[in-house]
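Structure first, commentary second.
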Amino acid sequence: MQLFNKNKEEEKILPVHPGEIYSSGVLELKDIIAPSALQVAPNYIRIGNKIAKTIFIFSYPRFLSANWFSPIINMDKVFDISIFIHPVDTSSVLKQLQKKVAEVQSQIHIREEKGLIRDPMLDTAYQDLEDLRDKLQQAQERLFNLGLYITVYADNFEELNSLEKEIRSALEAKLIYAKPALFQQTEGIETSFPLGTDKLEVHCKMNSSPLSSLFPFVSFDLTSNKGILYGINRHNNSLVLFDRFSLENYNSVTFAKAGAGKSYATKLEILRSLMFGTSVIIIDPEMEYKYLTQAVGGDYFNISLSSEHHINPFDLPLPREDEAPSDILRSHIISLVGLFRIMLGGLTPEEDSVLDRAITETYAARDITPDSDFSNKVPPVLSDLELVLASLEGGETMATKLKKYTQGTWAGFINQPTNVAIDQKLITFSVRDMEDELRPVAMYLIIQFVWNAVRRELKKRLLVIDEAWWMMKSPDGASFLTHIAKRCRKYYLGLATITQDVGDFLSSPYGSPIITNSAIQILLKQSPAAIDVLQNIFKLTDEEKFLLLESDVGEGMFFAGLKHVAIKIIASYTEDQIITSDPAQLIAIKRAKQKLDSDGPSDNN
C-alpha cells in the first residue's frame, strides 16, 4: 500500500510510511500523566487546577544542628523537595582554600600593622578555613555543592503565599534563608520532578559534617519486623506496622468523637490479630461486632434481662500452680464487694463489713473456704447470699435491695449458674439490650468473668472494651478496670479501652492511670470540646491539635512508646465488607445478600 502526502509549499508528492500514521495516534504514558495546559508566570506555574512555586535555599548559618530539616519535612502540607549533592574535587578545593587562607591572613596582618582592634569575624573565618583544610587533607571531610529546592502546591494564590511564608519563616528561625526562583519557575518545576536533573544549579558549598545533618529527613517510622498493620503514615506513606505484645505492656486506649472510625479501626485490628493467633474477647455495647464475630466463627453472647446467656458472679477461678486457694478466694470476695457496691448504689462502712462477712458465709455453706479444695465445688448464686444477709444483723436492708435482682423486675439476669464458655478464638459479649441503669453492672460482671478465665489459662489474649466510659461512671468499676490494666501483662493479656466520651473518662481519678499504663494510644478525629483536655494529657503541639480537629474519618495520631505519627486507617475491600458499621453500606450488603438468596445458585450444567 502506497500513501502520499501533498506538500503545499513544494507542490511535491511525498511518500508516507503507514507506521508513522499509526504511531502518531498511539496514546503514550506521558500523554496520560501530562496536564492539559501549563501557565508559566515569573513567580509561579499553573498546572491544571493547581498553582506551584519553587523556592531555593541560598544561605546557611555557620553551624547546623542535627535533624534541622525535619520540621519542614513533617509539615502537613503538599510540596516536593529535591536535594542535589554534587561532589567537588578535593585537590582543586585545597588550592582555593590556600588562596583564601592567604587573603584572610593578609587582612589580619594589615589590621595589626594599622593598630586596629582584632576583628572576630576574620579570626573565626581563618580558624574555620584552616580547620576545613586540615580535615580535607587528612580525608576526614569532603566538600560538596548542595542544591536544596522546595516546590509548593496550592489551590489559590492566598494559600500558596501562606505556605511559602510558613516554610521560609521556619527556615529563617534557624538562620537559613530561601527565596523564589523568579523567572526560572519552569526550571524549578523540572528540578522538582523525579528526573534527577538540576536545572536551577543554585549551590552552596558544604562539607560532610553539616551535610549529614540533613539526614534523616523523614518523619518517625513505626515499622517493626513483626506485628499487624494499623494504618499508613500520613506524612511519608510508610506502613505503621506494630506488635502490641512487643511493648512494655500490651494495653491501648482509643479516643475519638462519634463517627470518627474508632470501632472500625478496632475491628480491623481484631481481624488482623486473629490471623496471628491472638484470642480476642469483646464487650460490645451497641451490637457492632456481631457480624464480625459470625464471619470468623466466634461465639456471640447477648447479656440482657431476657437473655438465655447467664454469668454467675460467684464463680471462682481455679488456682494456678503458683497461687494459693486462700488468695484466690480473698481476691474474688473483694471483687464481689465492688460489684455489689455498684448494684446497691453504694455501701456504708458498716454495710461493707456485713457484706464481706455474708459473702464468706455464703461460700462456706457450699464448703468453699480458704483451706478447702473448691475446684469441684458448685458455687452459690445470688439467692444464697440474699438468705444469708437476711439472717445477719445489719444485712436486712441489703437483702431487701437484692430481691430486685432475685425475685423482682431484674430477676434472671444475675441469679443463674453460668452457661457460657470462653473457648473460641473470638468471643463477644453484647450489652446493647441491657437497661442503661444495669449496663455498668453487666460490664463489670463480664470483665470479672473474663479476668477469671484469663488467670485460669495463660495464652495471648486481647480484651476490647468499647465505650469504656460506662465503666468509668462508677468509682468501683473504674478502680476494677485500672486494677486489670496494671496486672494483665502478667497473664499475657492486652486491654484495649475505647471511648467517645473523653470528659467522663478523664474526669475519673482512674482515667489517667489507665492512659499511663497503655503503651499504645490512638487519637482519631476530636471535637472542639475535648481537644484542649487531650492536648494537655498527650502534650500535643498546636499543629497536632488542629490535625485532630480537621482529620477525616479514620485519620488521627498513633502513639507507641515515645514515638507518634499521623495515621490513616485503611482496610482492604474484603475487610471493609466484614467490619463496616456504615448504615448505608450495611443496607447495600443486606440487599445484595437477599438478592443472591432469591436468585439461588446458578445452574452451569
Expressed in nm to one decimal, what extension gain is obtained for the pair Ala390 and Gln105 from 0.36 nm per residue of sequence separation less their Cα-Cα distance? 92.3 nm
Tally Lys and Arg at +1 and Asp and Glu at -1 over the other residues with C-beta under 11 Å from the C-beta of Phe255: what net charge comes out? +2
For the residue pair Asn236 and Phe183, what label-to-label distance in nm results when each label sits 7 Å from Cα along the Cα-to-beta-carbon direction? 3.9 nm
With the label point 7 Å along the Cα-to-beta-carbon line of Ala324 and a cut-off under 13 Å to each amide N, the hits in segment 343-377 are 370-372
Rounded to the nearest 0.05, what FRET efficiency is calculated for Ser70 and Cys204 with R0 set to 22 Å and r the Cβ-Cβ distance? 0.65
Where nothing but the Cβ of Lys and Arg (+1) and of Asp and Glu (-1) is charged, how large is the charge dipole of segment 238-333 around its Cα centre, in debye to the nearest 20? 460 debye
Kirkwood hydrodynamic radius (Cα pairs, Å) of segment 172-308? 20.7 Å
Peptides 286-294, 257-265 ordered by average Cβ neighbours within 10 Å, highest first: 257-265, 286-294
Listing Trp68, Trp470 by rising number of other beta-carbon atoms within 10 angstrom, fewest first, gives Trp68, Trp470
Can you sort Lys545, Lys267, Lys199, Lys539 so the residue with the fewest Cβ neighbours within 10 Å comes first? Lys539, Lys545, Lys199, Lys267
Size of the dipole of the chain about the Cα centre, Lys and Arg at +1 and Asp and Glu at -1 on the beta carbon, nothing else charged, in debye to 20? 1160 debye
At q = 0.13, 0.18 Å⁻¹, the log10 of I(q)/I(0) for segment 267-382 from a Debye sum over equal Cα scatterers comes to -0.74, -1.02
Distance from the Cα centre of segment 477-500 to that of segment 211-281, in angstrom? 19 Å
Correct semi-axes for segment 89-141, from √(5λ) of the alpha-carbon gyration tensor and rounded to whole Å with the largest first, are 25, 11, 6
For the pairs Lys425/Lys593; Lys53/Lys99; Lys290/Lys403; Lys425/Lys590; Lys377/Lys473, flag any whose C-alpha to C-alpha distance is greater than 30 Å. Lys53/Lys99; Lys290/Lys403; Lys377/Lys473
Would any residue of segment 473-516 have its amide N under 13 Å from a label point 7 Å out along Cα→Cβ of Ser307? List them or say none. none
Given pairs Lys174/Lys539; Lys95/Lys205; Lys77/Lys262 and cut-off 19 Å on Cα-Cα distance, the over-length ones are Lys174/Lys539; Lys77/Lys262
Report the label-to-label distance for Ile81 and Ala37 in nanometres (one decimal), using points 7 Å from each Cα along the Cα→Cβ vector. 3.5 nm
Going toward the positive end of the dipole of the chain, with +1 on Lys and Arg Cβ and -1 on Asp and Glu Cβ, which of Val420, Leu175, Ile51 do you reach last? Leu175
At most 16 other Cβ atoms within 10 Å and a DSSP loop assignment: could you name the trypsin sites (Lys or Arg not before Pro) in segment 324-378 that fit? Arg366, Lys377
Quick one: length gained pulling Asp371 to Phe63 fully straight, 0.36 nm per residue minus the C-alpha distance? 103.5 nm
Quick check: residue separation of Lys563 and Ser169 times 0.36 nm, minus the Cα distance between them. What number comes out in nm? 139.2 nm
Taking the Cβ of Pro210 as the center, what net charge do the other residues with Cβ under 14 Å away carry, scoring Lys and Arg +1 and Asp and Glu -1? +2
Kindly work out what percent of the DSSP beta bridges joining two residues of the chain are antiparallel, to the nearest 5. 65 percent
Considering only the other residues whose Cβ falls under 13 Å of the Cβ of Glu269, what net charge follows from Lys and Arg at +1 and Asp and Glu at -1? +1
If one takes the longest principal axis of the Cα atoms in the chain, at what angle in degrees, from 0 to 90 and to the nearest 10, does the Cα axis of helix 325-343 lie? 90 degrees
A student applying the Cα gyration tensor rule (rounded when a/c is under 1.5; otherwise prolate if a/b is larger than b/c, oblate if not) would label segment 317-461 oblate
So the FRET efficiency between Asn156 and Asn536, C-beta based with R0 = 41 Å and rounded to 0.05, is 0.70
Distance from a point 7 Å along Cα→Cβ of Val553 to each backbone N in segment 250-271: keep the residues under 15 Å and list them by number. 257-268
Run the helix sum for the chain: -39,500 (n - 2.57) per DSSP H stretch of 4+ residues, divided by residue count, reported at 222 nm to the nearest 500 deg cm²/dmol. -12500 deg cm²/dmol
Please report Asp131, Asp384, Asp436 as a ranked list, fewest other C-beta atoms within 10 angstrom at the top and most at the bottom. Asp436, Asp131, Asp384
Euclidean distance of C-alpha centroids, segment 59-73 and segment 130-196, integer Å: 11 Å
Going toward the positive end of the dipole of segment 89-141, with +1 on Lys and Arg Cβ and -1 on Asp and Glu Cβ, which of Leu94, Ser106, Gln138 do you reach last? Ser106
Lys/Arg Cβ at +1, Asp/Glu Cβ at -1, dipole of segment 326-417 taken about the Cα centre: which of Gly408, Ser335, Gly345 is farthest positive-ward? Gly408
So which GluC sites (Glu not before Pro) in segment 75-121 end up in coil per DSSP with only 10 or fewer other C-beta atoms within 10 Å? none
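Any read-out appearing in this document is the output of simple, stated calculations on the displayed coordinates, not a laboratory observation. The structure presented is a predicted model; accordingly, all values stated were derived computationally and were not measured. Note that we place each Cβ from the backbone using ideal geometry, even for glycine, and neighbour counts take in every protein chain shown.
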